[in-house]
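Some notes on the structure that comes next.
The values are calculated or read from the model by the stated rules, or taken from the named source; none is laboratory data. As the structure is a prediction and not an experimental result, all values here were calculated from the model. We place every Cβ from the backbone using ideal geometry, glycine too, and count neighbours over all the protein chains shown. These accessible areas exclude ligands, DNA and RNA; they are computed on the full protein's heavy atoms, side chains included. Shrake-Rupley method; radii C 1.70, N 1.55, O 1.52, S 1.80 Å.
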Amino acid sequence: MLNDEMERDPIRTVLVVGDDESVQRALGDVVARAITETGRGQTTVLTATDDGNVLRVLSRGPIDLLVADFREEARGIDLLGWLSYGKFPTRTLLLTCKGPWGTSEYWRAKGVDAAVKRPAAIEELKSLIVEWFP
């Protein structure tokens, strides 16, 4: 019975990275709510602000969803570079961006699964989560 329950209600691990801790907390809460409301399991939200912490968390084990929000494009580019090596078990990357420095098409060309403009609407996140976690 326990195995059946685990299959029906997986625990999704979400890593929220960025340079503003309050934004990280808010994004983590919204993503966790979206996962729960779509029936895609429970959520463990991890956060990391600096490059060293991001690498440590990515190295510990599988991350189902990575949500990134950086004010500076270069930080996002660095993260994509690490992920592009294929060393880290991140399955899906959701990048939230603000400012004129990136469009959805721009980020998709860099291998990002989806780019969502700030503020991230929960309905948009729910749609992506349903697509990514059938």
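Structural remarks
- The residues of segment 46-88 that are open to solvent by less than 30 Å² (accessible area, probe 1.4 Å), modelled with pLDDT of 70 or more and either assigned to a loop (DSSP other than H, G, I, E, B) or closer than 12 Å to ASP19 by Cβ (or both), listed by number, are ALA48, VAL54, GLY61, ILE63, ALA68, ASP69, PHE70, LEU79.
- Segment 1-25 - residue that is at pLDDT 85 or above and of a type in the set (Lys, Arg) and, of those, farthest from ASP50 (Cα to Cα): ARG12
- Flag for GLY39 being at pLDDT 85 or above, over 16 Å from the mean Cα position of the chain (by Cα) and not in a helix (DSSP H, G or I): yes
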